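Questions regarding the structure given below will be posed in turn.
Only the coordinates and a few stated rules stand behind these numbers; no lab work does. No experiment lies behind these values; they were computed from the predicted model shown. In this analysis, Cβ positions are derived from the backbone assuming ideal geometry, glycine residues included, and neighbour counts consider all displayed protein chains.
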Amino acid sequence: MNIRLEHISRSFGGFTALDDVSLEIREGELVALLGPSGSGKTTLLRIIAGLDAPDAREGARIRFDGAEMDLRAGARQVGFVFQHYALFRTMTVFENIAFGLRVKPKRERADETQIRARVTELLSLIQLESIAGRYPSQLSGGQRQRVALARALAIEPRILLLDEPFGALDAKVRQDLRRWLRRLHDKMPVTSVLVTHDQEEALEVADRIVVMRAGKVEQEGTPEEVFHHPKTAFVMDFLGNVNLFHARMEGGHTGAMTQVRARPHDLEVSREEGSGSAVRGKVTRVQTAGAAAKIEVATEGGETIMVEMAHDRFKAMGIAAGETVFVRVKDARVFVEDYTI
Amino acid sequence: MGEAGARTWKQYSILPGFGLTLGYASLYLSLIVLLPLAALASGVFSMTWEEFTRAAFSARVMASYRVTVLASLAAAAINAVFGFIVAWCLVRYRFPGWRIVDAIVDLPFALPTAVSGIVLTTLYSPNGWFGAPLAKLGVKVAYTELGIVVALVFIGLPFVVRTVAPAIEDLDPETEQAAGCLGVNRWQTFVRVLLPALMPALTSGFTMAFARALGEYGSVIFIAGNRPMKTEITALLIVTKLEQFDYQAASAIAAVMLAGSFGLLMAINYFEWRRGSRHRSAA
């Protein structure tokens with residue numbers, strides 16, 4: 001289903017959670033709303049679900065497949081997955097999943113055999129057939145979240161909304177589950193909106209990322225676009241580690257100080273100063289546990305630079321803490337307007 | 001030493017003071033609860049079986065059991081419904097005067113029961129504020145079984161409110177929203193999601209109100225009229241026997257009362273435990 005949000009604002013007392021946001025989510029897409037806490041991403045999700053109402057402003061509209069929705073709060077029969085699962089604790093896993101089917105008005109309700117078949121199908125989808133008879137208190141966090149997802153999918157919702165679904169889980173379970181979610185979405189492309197503050201999660205799972213800040217959309221685009229071509233300093237900072245250099249602009253600008261941003265893997269370390277501009281510094285820390293080797297360099301100006309390099313190159317160079325090195329920037333970005341948090 | 005100790009029934013716990021607190025708890029319970037009950041039992045055991053049945057199961061005493069238990073059940077059931085509504089309202093909404101209403105709930109705890117008995121009697125007597133209009137409708141409250149129920153409802157209310165309110169506070173608002181997203185209306189959400197989660201608290205509130213009502217004396221005797229075979233409660237009969245220095249009969253009735261209420265409480269707790277044990281058991 002196609003979702004269009006037009007001029008959506010929401011304020012709580014004096015706090016503006018959403019400030020004139022317009023957004024389109026296309027049929028079958030998995031969109032991640034990414035932003036720090038307080039950026040309005042959860043409020044936006046709740047407004048799509050109908051769990052919250054936008055401020056009554058001129059032009060504020062929510063359209064599902066073009067049809068205008070009543071803006072007042074009132075749940076809209078969407079699949080909603082909560083961060084803390086929100087399972088019904090007095091019901092078994094089976095009954096939790098079956099709940100949405102059992103409470104339908106009599107005319108629309110499937111008969112018992114159909115309900116059983118549908119729940120069994122969902123149980124095999126979440127790979128929990130063997131524990132259908134257990135209660136939520138007997139499950140692990142990851143299992144609970146899968147049950148919550150199956151419960152949301154049982155009513156065959158036209159959209160699936162996920163509010164930080166993996167936020168309460170361990171790092172490992174979280175990774176497994178988000179890959180599983182991605183595969184599930186490839187198999188069953190329900191239009192989905194995922195709220196997260198974890199940039200890695202968004203980059204890995206989503207078809208499209210909407211980066212939010214202070215109630216506004218900062219940038220939207222594919223993971224590649226937002227990661228490699230951030231439009232603002234905020235997006236660049238939020239999507240990964242960044243080194244800040246203070247530099248004096250030459251040419252057009254008259255010697256004003258600007259900030260240059262470079263990702264740790266876009267820096268190069270060498271022992272020779274060579275030609276061009278390089279920053280001289282001392283290696284203070286070397287960290288090799290992980291996918292890349294990480295080196296911390298303290299400059300003479302008192303700043304710390306983070307450099308990442310591949311393990312084989314790191315081994316070939318044999319850098320150790322205490323050495324003096326030169327850091328050169330391979331790729332960097334300058335944003336005209338900077339932001340303050 | 002440590003090995004031998006570890007094999008005993010006592011589980012080693014990271015919390016210190018198990019021995020001390022268990023000792024204190026059992027001493028305290030023995031002195032305050034069990035000793036008086038033992039004295040009661042010894043009074044009963046000195047009677048022959050015929051004496052006992054004559055004292056404890058005569059027609060007049062049986063009628064008093066009946067009226068006491070039925071009125072208590074009715075009062076506890078009424079409180080379970082309306083106390084629930086009061087608790088719901090107090091937890092979920094904030095309104096001007098909220099603090100006052102919250103304090104009023106506890107009033108029946110604080111008021112001497114005799115005072116509440118006299119006030120209720122004055123209100124519900126045929127020429128009282130409530131009694132007069134009710135009398136016109138042909139409903140008599142004071143000096144009837146209905147009056148007993150009214151008094152027991154009054155004293156039982158805080159038990160239900162104070163046990164159910166924390167449970168309502170603990171409800172996760174997201175489960176309600178989850179139900180809403182699944183297309184469930186508010187009433188179904190209440191019946192199928194909230195009520196099952198609140199059942200344990202509601203049952204224990206009901207049980208406490210019921211237990212309190214079984215033993216209530218002060219507030220009931222004024223409004224009940226105390227007509228033998230009709231509106232005479234068991235607690236009053238016990239006092240009457242005591243006033244006649246018939247200690248044995250008094251203890252016989254008291255013992256039956258005690259066994260009965262203990263059995264009922266155990267039964268209610270057992271059913272609640274069985275109903276709820278499945279989903280409460282942790283992984």
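Per residue of B:169-178, count partner chain C-beta atoms within 10 Å of its C-beta, then hand back the mean as an integer.
Per residue, the average neighbour count from other chains is 5.
Arrange the following residues from fewest to most other Cβ atoms within 10 Å of their Cβ: B:T122, A:T304.
Starting with the residue having the fewest Cβ neighbours, the order is A:T304, B:T122.
Next up: Over the residues of the stretch B:48-277, compute the C-alpha Rg and express it relative to 2.2 N^0.38 Å.
Computed over Cα atoms of the stretch B:48-277, the ratio equals 1.17.
Kindly provide the pair-distance distribution of the stretch A:288-341 built from C-alpha pairs, with 10 Å bins from 0 and whole-percent values in order of increasing distance.
It works out to 18, 44, 27, 10, 0, in whole percents.
Mind ranking A:10-19, B:195-204 by how tightly packed they are, going by the mean number of other C-beta atoms within 10 angstrom, highest first?
Taking the mean over residues of other Cβ atoms within 10 Å, the ranking is B:195-204, A:10-19.
Could you work out which residue, out of B:R60, B:R192, B:R227, moves most in a Gaussian network model of chain B, that is, has the largest mean-square fluctuation with Cα springs under 10 Å?
Among B:R60, B:R192, B:R227, the largest mean-square fluctuation in the Gaussian network model of chain B belongs to B:R192.
Principal axis extents for the stretch A:109-151, Cα atoms only, whole Å, descending order, please.
Ordered largest first, the stretch A:109-151 gives principal extents of 31, 18, 17 Å.
For A:R76, B:R99, what's the fewest-to-most ordering of other Cβ within 10 Å of each Cβ?
Going from sparsest to densest Cβ surroundings: B:R99, A:R76.
Right, another one. In whole Hz, with x marking every Gly and Pro, tabulate ³J(HN,Hα) for the stretch B:171-178 from phi via Karplus 6.51 cos²θ - 1.76 cosθ + 1.60, θ = phi - 60°.
Going residue by residue, I get 4, 7, x, 5, 5, 5, 5, 4 Hz, with x marking Gly and Pro.
Order A:285-295, B:111-121 from most to least packed using the mean count of other Cβ atoms within 10 Å.
Packing order, densest peptide first, comes out as B:111-121, A:285-295.
Using θ = phi - 60° and the Karplus relation 6.51 cos²θ - 1.76 cosθ + 1.60, list the HN-Hα couplings for the stretch B:128-143 in order, rounded to whole Hz, with x at every Gly or Pro.
After applying 6.51 cos²θ - 1.76 cosθ + 1.60, I find x, 4, 8, x, 4, x, 5, 4, 4, 7, x, 9, 9, 10, 4, 6 Hz.
What number does chain A give for Rg over Rh if you use C-alpha atoms and the Kirkwood radius?
1.07
Now a separate question. Just want the ordering: A:T191, B:T21, from fewest to most Cβ atoms lying within 10 Å of their own Cβ.
With the fewest neighbours first, A:T191, B:T21 line up as B:T21, A:T191.
Averaged over A:84-94, how many beta carbons belonging to a partner chain fall within 10 Å of each residue's beta carbon?
Values: counts 3, 4, 9, 4, 12, 7, 14, 4, 2, 0, 0.
For peptide A:84-94, the averaged partner shielding equals 5.
When the Debye formula is applied to the Cα atoms of the protein assembly as shown, each taken as the same point scatterer, what base-10 log of I(q)/I(0) results at q = 0.10, 0.11 Å⁻¹?
Reported log10 I(q)/I(0), two decimals: -1.05, -1.14.
Then there's this: How high is the relative contact order of chain A? Use alpha-carbon pairs under 8 Å, at least six apart in sequence, and give a whole percent.
For chain A, the relative contact order is 17 percent.
What residues qualify as long-range amide H neighbours of A:D55, i.e. H under 5 Å apart, gap of 5 or more or another chain, H built at 1.01 Å from N?
HN-HN under 5 Å from A:D55: A:S9, A:R10, A:S11.
Within a 10 angstrom radius of each residue's Cβ in A:151-162, how many Cβ atoms of other chains show up on average? Whole number is fine.
Counting other chains' Cβ atoms within 10 Å and averaging over A:151-162 gives 1.
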